[in-house]
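J.: First, the structure itself, so that you have it in front of you.
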Ligand SMILES: Cc1cc2nc3c(=O)[nH]c(=O)nc-3n(C[C@H](O)[C@H](O)[C@H](O)COP(=O)(O)OP(=O)(O)OC[C@H]3O[C@@H](n4cnc5c(N)ncnc54)[C@H](O)[C@@H]3O)c2cc1C
């Protein structure tokens, strides 16, 4: 069924996840009239609603630390700012380390984080167990404790930003897929949707794992690869510890857990997972792999069955860092994507950055490392990645 949609827009944002919703709000709030957000399904239905909700400033580079701090600051007062409760809790992130190289890297990262005001510190295995009572410490060398980190509910953030964007005059259209983007002489002229054409000269790609397709519409290579990541929930535990971090992460395996209701949310990045849009929730091999790690790190978990779970997509770039940039090749194309597993916490700062790029203002964050053209750089060829 064809629906009526605006025929003109000052700027069209493609994607109604946390990134698109935040950008719509920040642009509309800054006075841009004619902001239109297009989401082909329902708001937050992509990777955002699949996220574990972790919000942290415990990163290994200065720009991400600042971006993470902004996420924590905004999410901690989201209810007052936007009238939408997001269940923000600041119970800390605990990274469990059993490789001497990781201990060195985390020790350096903690120094950098402290210099930016993040109250993280290295702790010994005994203290780690006091912080996260479900863990076993065999083989562990140390842990990194970042008590200021937390978690919140991703869909609520999207609803809050979308409502605030509407209050500032933005138009949010659901169930409307972008099928092409037209340009003339390197300038965007039209966004073509399943429900009609919108004349515009500005487009923001906030299409998450699907961003490469959006870039292809304009002949711009956006190197974002979809990769399935699964989460499972246990049955209620007989006894939940009276305190537990927002996230406990076994760093070498990337197995993580946090309390969710009366049970636990469990996550794990299966190293055998292959690229693609596979969204099937498949427990068998995944649970076997997760079980092997849990047997060492948190064996108490194995006493409980899995009640439910889901599969979502990480939107991965070659260096596991996001792209926040204006295209050099196509006039009017802004890009905010490729968060590689930490996009939820980056929603607030990403909205501010794209708003500033739109207005030609230098953002307050150093976004040099998030340029699109870095993927032709020598550093990347040498395999430099975002470790923490
Ligand atoms: C299992 C899992 C756990 C995670 N845990 C965390 C966490 O703890 N903390 C954290 O910070 N991050 C986490 N993430 C990552 C986080 O979910 C993502 O980085 C973030 O949600 C990306 O937001 P987005 O708005 O860019 O993408 P999305 O939420 O995927 O939004 C993109 C939207 O674009 C729409 N779209 C695509 N193509 C078109 C088109 N042609 N026309 C119109 N609309 C289109 C899609 O339908 C989608 O809704 C996790 C991810 C997964 C899968």
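J.: Under the 0.36 nm per residue contour assumption, what length would be gained going from the current alpha-carbon distance of residue 361 and residue 179 to full extension?
T.: Between residue 361 and residue 179, full extension yields 62.5 nm more.
J.: Still on this structure, I have one more. Hey, how many Å between the Cα centroid of segment 41-96 and the Cα centroid of segment 214-259?
T.: The distance from the Cα centre of segment 41-96 to that of segment 214-259 comes to 13 Å.
J.: Quick check on the chain: of the DSSP beta bridges with both residues there, what percent are antiparallel, nearest 5%? Display every interim value, and only then the final one.
T.: On the way: 48 of 67 bridges.
Given both bridge residues lie in the chain, the antiparallel proportion sits at roughly 70 percent.
J.: So, one more: Based on the Kirkwood radius over alpha-carbon pairs, what is the Stokes-Einstein translational diffusion coefficient of segment 51-106 at 20 °C with 1.002 mPa s viscosity, in µm²/s?
T.: Details: Rh = 13.1 Å.
Stokes-Einstein gives a translational diffusion coefficient of 164 µm²/s.
J.: Just rank 39, 33, fewest to most, by other beta-carbon atoms within 10 angstrom.
T.: Ranked by crowding around the Cβ, least crowded first: 33, 39.
J.: In square nanometres, what is one fourth of the surface area of the convex hull spanned by the alpha carbons of segment 1-112?
T.: Over all viewing directions, segment 1-112 projects a mean Cα-hull area of 10.2 nm².
J.: Going by how many other beta carbons lie within 10 Å of each one, how would you line up 205, 144, 45, 176, fewest first? Kindly include the intermediate steps, with their values, before the conclusion.
T.: Details: 205 31, 144 26, 45 16, 176 21.
Lowest to highest Cβ neighbour count: 45, 176, 144, 205.
J.: May I pose another question? So for the chain, what are the equivalent ellipsoid semi-axes in whole Å, largest first, each being the square root of 5 times an eigenvalue of the Cα gyration tensor?
T.: Each semi-axis is the square root of five times an eigenvalue, giving 36, 22, 20 Å.
J.: While we're looking at this one, here's another question. Whole-Å semi-axes of segment 181-266's equivalent ellipsoid, largest first, each the root of 5 times a Cα gyration tensor eigenvalue?
T.: So the three semi-axes of segment 181-266 are 45, 15, 10 Å.
J.: Here's another thing I want to ask about it. Within segment 135-168, which residues have the backbone N less than 13 Å from the label spot 7 Å out from residue 81 along Cα→beta-carbon, could you tell me?
T.: 157-158, 160-162, 164-165
J.: At 7 Å along the Cα-to-beta-carbon direction for both residue 62 and residue 303, put a label point, then send me their distance in nm to one decimal.
T.: That separation, rounded to one decimal, is 4.9 nm.
J.: If packing is taken as the average number of other Cβ atoms within 10 Å across a peptide's residues, how do 232-240, 86-94, 20-28 rank, most packed first?
T.: Working: 232-240: 15.3, 86-94: 20.1, 20-28: 29.0.
The peptides rank, most packed first, as 20-28, 86-94, 232-240.
J.: Also, I was wondering about something else. Let me check against my output: what whole-number percent is the relative contact order of segment 100-172, with C-alpha pairs under 8 Å and at least 6 apart?
T.: Averaging sequence separation for qualifying contacts and normalising by length gives 27 percent for segment 100-172.
J.: Please express the shape of segment 233-388 as an equivalent ellipsoid: the semi-axes are the square roots of 5 times the eigenvalues of the C-alpha gyration tensor, given largest first in whole angstrom.
T.: Three semi-axes, in Å: 37, 18, 14.
J.: May I ask for the distance between the Cα centers of segment 295-362 and segment 148-198, given as a whole number of Å?
T.: Comparing the Cα centres of segment 295-362 and segment 148-198, I get a distance of 16 Å.
J.: Obtain the nm distance between the two label points defined at residue 187 and residue 329 by a simple spin-label model: each point lies 7 Å from its Cα along the Cα-to-C-beta direction.
T.: Result: 2.0 nm between the two label points.
J.: Right, something else. Stretched out fully, how many nm does the piece from residue 163 to residue 281 gain, at 0.36 nm a residue minus the Cα gap?
T.: Difference between extended and current length: 39.4 nm.
J.: Quantify how much of the Cα-Cα distance distribution of segment 71-229 extends past 25 Å, in percent.
T.: Value for segment 71-229: 58 percent of Cα pairs lie more than 25 Å apart.
J.: For 369, 124, what's the fewest-to-most ordering of other Cβ within 10 Å of each Cβ?
T.: Ordered by Cβ neighbours within 10 Å, fewest first: 124, 369.
Read-outs: derived from the displayed coordinates by stated rules, not from any lab. What you are looking at is a predicted structure, and each value in this text was computed from that prediction instead of being measured. A quick note on method: Cβ atoms are made from the backbone with ideal geometry, for glycine too, and the neighbour counts reach across all protein chains shown.
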